[in-house]
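To keep things clear, I will list the structure first and then write my remarks on it.
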């Protein structure tokens, strides 16, 4: 529906971010330097980023437990002014994920998601009826549920961004995405090279028959490809504190531009600025406004585009 909210589909969990100087060898340990609380997965952060930019959003997600962790998650959602299907469920445990990162900005994730995939396969998808755009996390762990959400999105004739989160596309998604008009696909690579990102974006665009395929490549930036060519955006220079949900912040900026029919170059600029400020700010800091993102675009220097 024109002017409706952006519907974001994903799992919902509390996130605990642990920082170590360096990952230990097998059967050894590493001192945890800091611990911060946040949210997962990408979908909740995308919805929050959009809300901060003045774009209404609604999160379609699983329930959380009636425990202190669950109430923390609900308070986070309320602070970011989001509608959601997520409810507090008595006598259940809130899903959690521990993300361990080191000083080289590499991460290892340990999700604990009891019953989440099954619940998402039956979650209420009614918010899609009055949405203007859909964002769906297409992770392998919730592949079947994501495929169901895509089918409902297709029936509602909504523009769609599917985030693969670095995973290969689950076979269930490939089936329902075949022939989806105006599809945008996003994923990430660990190699920091725009050349590699651009090459993989073109391959993904052809393979998934999407209108656009976008690859984020960490400190190198991002590349997008359609059937006519490619667009590359070097990353902004940043004082990186963490990388948790940087891709989600990127997605939020990207969707904002797409909703306003901006050229892809401008969409990627806003997305990159959003990801940059996400990496610089503490978990408890406010998410950036549109004015702050434009300030980054206008004032920040770019990183070297060669592989780091």
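Data for the structure
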item: Count of residues meeting criterion [buried (at least 20 other Cβ atoms within 10 Å of the Cβ) and in contact (Cβ under 8 Å) with a residue 60 or more places away in the chain] in the range 210-231; result: 3
item: Qualifying residue in the range 28-40 (condition: closer than 25 Å to residue 288 by Cα, modelled with pLDDT of 95 or more and in contact with a helix residue (DSSP H, G or I) (Cβ under 6 Å, 6 or more places away or on another chain)); result: no
item: Condition met for residue 191 (closer than 28 Å to residue 98 by Cβ and part of a helix (DSSP H, G or I)); result: no
item: Matching residues, the range 155-168, being buried (at least 16 other Cβ atoms within 10 Å of the Cβ) and more than 16 Å from residue 9 (Cα to Cα); result: 167
item: Per-region count, the range 156-170, residues in contact (Cβ under 8 Å) with a residue 24 or more places away in the chain and either farther than 17 Å from residue 248 by Cα or part of a strand (DSSP E or B) (or both); result: 10
item: Matching residues, the range 131-141, being buried (at least 22 other Cβ atoms within 10 Å of the Cβ) and closer than 18 Å to residue 188 by Cα; result: 135, 136, 137, 138, 139
item: Hits in the range 2-34 - residues which are in a loop (DSSP other than H, G, I, E, B) and surrounded by 13 or more Cβ atoms within 10 Å (Cβ to Cβ); result: 4, 5, 10, 11, 12, 23, 30
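Rundown of residues vs (1) free of Cβ contacts under 8 Å to residues at least 40 places away in the same chain; (2) more than 20 Å from residue 249 (Cα to Cα); (3) within 19 Å of the chain's Cα centre (by Cα), yes/no style:
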| residue | (1), (2), (3) |
| --- | --- |
| 4 | no, yes, no |
| 7 | no, no, yes |
| 11 | no, no, yes |
| 16 | no, no, yes |
| 20 | no, yes, no |
| 90 | yes, yes, no |
| 98 | no, no, yes |
| 101 | no, no, yes |
| 107 | no, no, yes |
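The values are calculated or read from the model by the stated rules, or taken from the named source; none is laboratory data. Note that this is a predicted model, so its numbers are computed, not measured. Cβ atoms come from the backbone with ideal geometry, glycine included; neighbour counts cover every protein chain shown.
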